Structure formats: C-alpha cells, structure tokens
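What follows is a set of notes on a single structure, which appears directly below.
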Amino acid sequence: MRDVATFIALNRFGLGAVPGAAEAIGGDPRGWVATQIDRRAAPGTAGGRASAGVLAEMHRAANEGPEQLRATARRLYAGVFWPEIVARARHAIATEQPFAERMALFWSNQFTVSRTRAIVGPAIPAYEREAIRPYVFGRFADMLKAVCRHPCMLSYLDNIVSIGPQSDAGRRRLASGADARTLNENLAREILELHTIGVNGGYGQQDVIELAKAISGWSHGGFRPPQDSRPVHGDFEFRPVFHEPGPKTVLGRTYAEAGADEGHAILDDLARHPATAQHLATKLVRHFIADDPPADAVTRIARVFLASDGDLAAVSRALIDLDAVWREKLPKVKTHYEFVVAVHRAVGNATPRAADVVPPLQTLGQPPFSAPSPQGWGDTARHWIAPEALLRRIEWVRSFAGSLPATLHPARFLDDVIGPVAGDGTRQGVARAPSGDAAIALVLASAEFQRR
C-alpha cells in the first residue's frame, strides 16, 4: 500500500483493503473516493423480495393466530431474511464502490428499524433497499419521507396504531371508555429527536404532539381492525378515519389541514431546518473524523447541507474535501460488522458462506438489523472495543486464519492491508509468528487493522 492517504481512503471511506485495491487508487485517494459518488451507486443486492409481499404474508399469518404467525416468521426468516443478510455482506465485501456502501450503512443506521419488532424483521433488508439506498447520494428530504412512510418504520415505531383524538375513530374510541388510547407519539418523537433536528434542536412536547397528529392515519395495508374486510397488503396506506382534523403547528409554523400531505410538508421543512443540518453534520463528522467531532468541520458540513438543500452528493464531496479527515491515521474503531467485512475483503474472500458471516456477528454482538433501540448502533470507540468484545474479535480471527489456504505471504499481506500505519510492534510480531496462519491472525487482530 502506497501511503497513509491510501489507507484512509480504503478504510475510513471504504470498508477495508482488497487485493489490488491500492494499485487501482494510484496517487489520487481523494479522487478515487469522489468517483464513487453516483446516485446509482448503492443499490445493494438485486433480486431480493419487496417488503410489501413479505409484510403481507406476516400480517395475514398474524390474523390467523399466533401459531401461524410463528410458522410464517420461521419460514420467512430462513428463506428471505438470512439469505439477504448473506447477500448484503457479500456485496459489501466484493463491491468496488465501498464509499457508497459505507454511506448506505451510515444512513441505514441513522434510520434504524430493528427486528426487535419481530413482525417487521423479515422485511428489514428490503426496507433498507427501498427507503435508504436509492437516496444515499440524493436529497435528504426524499430519504426522510421514504423512511417515514415505509411500512417497516410505521410498524416499528407504532404509527399504525396512532389515532387522532378528534378523528372519527378517535372520538368513537374515547367514547368507549376513560382509559381508551388514541395518539401514539413514538414516530413523531424520533423524527424530531433522532432523524432531523436532534434532541437539542429546540422542539418541545407540544411539537411532538402536533407532529403526531399530522401523521396520524399514516399506516399500511397489513393493519386491519376486526371490522375491516379489505384485503391485507404491505404497502403504505393513509387512513382518513384515523387522521386528526384541523391545522397543526410544529416549531412555530402552522400547517393547514391537508390529509397525508400535512406530514409531507412538515418533513420537507424539517429536512431544511438549520438544526437538522447541525445534527446530521455532527454525526457525519463523528463518523469520518473523530469520536469528538471538531466544531469547524461540523460547521462546514452543515453549511454545505443547507446551501445545497440537503443534497447528500454535495455533502459527501464536502466530507472528502475536509483536510481533517486525512490528518489522523487511526481515529476511529471499526464496528463489528465493518470488522467482519474488512477481514473477508483483506483475504479476498468475496463469496463467504453464511457460516463465515452470521455466527461471527452474533458472537461479537452485532447481529444484523438488531440495534437495541431506534438510536441505532453507537459510533464511538467505547461501543466496540470493550475488553470482552476485543477478546472475541481476536478469538474469531485466530480461528478464521487457521482455515485460510497457506498461499498468503504474511509480510506482503501486512503491507497490503495496513502497511502505511503498521507499528514496529505489529511488524515484529508478524515476523516472529510461529506459523503463517498465526502471522495472518496477528495482522487481523492488530490495533491498526481494527481501526480506521
């Protein structure tokens, strides 16, 4: 590998070195990353099932009873979810546009949907493919609306059961008893707190309530009250009978009654809000520069976000142009997913078996699409290199290296994957290793390989 800038291009902007990648970059690491900014660059795997069909199956089974739901879930996890997880990992390992894939992973985590809500679990890979990937280098507002309208998100954050108190259904429900529930604020709260302006963005509880009213009635065709005889489907569906009538005021702006379009108008304004630019810029700079994001870099990215009307291609180019990104060699720690992908990329294993991908992620503690909360997975070192987690990484690469063919030359391998950042201790350890597989394991377990 030529130099530190090449290492940064391959690891901080990409997902790790692959054989021959350094030569492809040549003497222009920034240019190599920038060429990957293409609206068509992050489609992920082709041929996966659409979420609508998967969700329809799950909801039809749920209507038939718990036993049928469990059987259907087992079938769809085995036949749809896990094969898509393996295909997704293979794509990340083999892709020649790793910056596009890194950005897809970043935005997928920003808009987390987790299989902790079991009924949407089999459809989450399709959610990422449908609501995240098409917009990775598009407009943030378009991604935000696609995410918030997607049946997986509507189910995950309970908007399908949110009923405006003064809607037709809400008045009937309130009349049925004093403990009747109507409005659900979960999605509205996370739109403000996590997805757009952030916890310090200046919103209050009344803004959450008003936004929840604006998106009441946003549902999908898998949710059917007992008296509803319409066929089940898995697409977005607006339910006027659930929608709170009248104007709503969010962050000081009043939106006239407009049915489903009220929510769209509010999301468009939230996407353009200066606090959203600040919140997202902070997360992006944390991801690419340091756990403690430098204020000047955050300000610069926020300005580009606002000036470009949330054009994520422009924001991505601005990230590449930040000198601070190229200044430090190893400021960030790879997540477990990034680590597993990087290991396979380093050894040229472009088509790993399911057993090479799924069990390591489960053992390390980052099973796919299983973030413990809507906040997603953490993005600082403390989330990934606790002593127990570090030990599990080392144990896995020792076992993995033992299964590799004896064709990898340890010294050359070290130079190809971490050469410009490798310390003397790592080089000496590899040189003194008792066997080739032990030397490869030392490279993969090194602090330099585990950081980016």
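What to note about this one:
- Rounded to the nearest 10 degrees, the angle from helix 51-64 to the longest Cα principal axis of the chain is 60 degrees.
- Ordered by the number of other Cβ atoms lying within 10 Å of each residue's own Cβ, fewest first, TYR77, TYR203, TYR135 fall into the sequence TYR77, TYR135, TYR203.
- Shape call, segment 157-271: gyration tensor on alpha carbons, a/c limit 1.5: prolate
- Seen from LEU364, the other residues with C-beta closer than 9 Å to its C-beta sum to a net charge of +2, counting Lys and Arg as +1 and Asp and Glu as -1.
- 5 angstrom amide H check on VAL333, placed H, neighbours 5+ away: ALA381, ARG452
- Å³ per residue enclosed by the Cα convex hull of segment 16-152: 105 Å³
- Above 18 Å, the calculated P(r) of segment 383-452 contains 34 percent of its Cα-Cα pairs.
- Under 5 Å between amide hydrogens, built in the peptide plane, is the criterion, and for GLU237 it picks out SER219, HIS220, GLY221 among residues at least 5 positions away or on other chains.
- Take each peptide in 222-230, 379-387, count the other Cβ atoms within 10 Å of every residue, and average; sorted highest first, the result is 379-387, 222-230.
- Estimated vicinal HN-Hα couplings, Hz - segment 279-286 in sequence order (Karplus 6.51, -1.76, 1.60; Gly, Pro = x): 5, 5, 4, 4, 5, 5, 5, 4
- For segment 336-450, relative contact order (Cα pairs under 8 Å, six or more residues apart, normalised by length) works out to 24 percent.
- Based on Cα contacts under 8 Å between residues 6+ apart, segment 157-271 shows a relative contact order of 28 percent.
- Separation between Cα centres of segment 67-99 and segment 231-295, rounded to whole Å: 29 Å
- 3J(HN,Hα) from dihedral phi, segment 433-439, Karplus parametrisation 6.51/-1.76/1.60, rounded to Hz, x for glycine, proline: 4, x, 8, x, 5, 5, 5
- For ARG139, residues with placed amide H under 5 Å, excluding near neighbours: LEU312
- With the convex hull drawn over the C-alpha atoms of segment 215-258, the volume per residue is 81 Å³.
- From least to most packed, judged by other beta carbons within 10 angstrom and beginning with the fewest, HIS264, HIS279 follow the order HIS264, HIS279.
- Projected label distance in nm at ALA438 and ASP291, using a 7 Å step from Cα toward the beta-carbon: 3.2 nm
- Whole-number percent relative contact order across the chain, with pairs defined as alpha carbons under 8 Å at least 6 apart: 20 percent
- Helix 82-94 and the long axis of the chain differ in direction by around 50°, with both axes built from C-alpha atoms.
- Cα pair distances exceeding 24 angstrom across segment 336-450, given as percent: 26 percent
- Highest mean first, the peptides 96-104, 62-70 sorted by other C-beta atoms within 10 Å per residue fall in the order 96-104, 62-70.
- Alpha-carbon radius of gyration plus Dmax, which is the widest Cα pair, for segment 252-354 in Å: 18.5, 58
- Per-selection metrics, the chain (Cα): Rg and Dmax in Å: 23.5, 78
- In sequence order, calculated HN-Hα J values of segment 153-164 (Karplus, 6.51, -1.76, 1.60; Hz; x Gly/Pro): 5, 4, 6, 4, 10, 6, 6, 5, 10, 8, 10, x
- Ellipsoid equivalent to segment 185-239 - semi-axes via the Cα gyration tensor, in Å: 29, 11, 7
- Mean residue ellipticity, 222 nm, helices only, the chain: the sum of -39500 (n - 2.57) across DSSP H runs of n ≥ 4, divided by residue count and rounded to 500, is -15000 deg cm²/dmol.
No value in this document is a laboratory result; all are computed from the given coordinates. Worth saying up front: this structure is predicted, and the values here are computed from it rather than measured. Because the Cβ atoms are built from the backbone with ideal geometry, glycine has one as well, and the counts that use them run over all protein chains shown.
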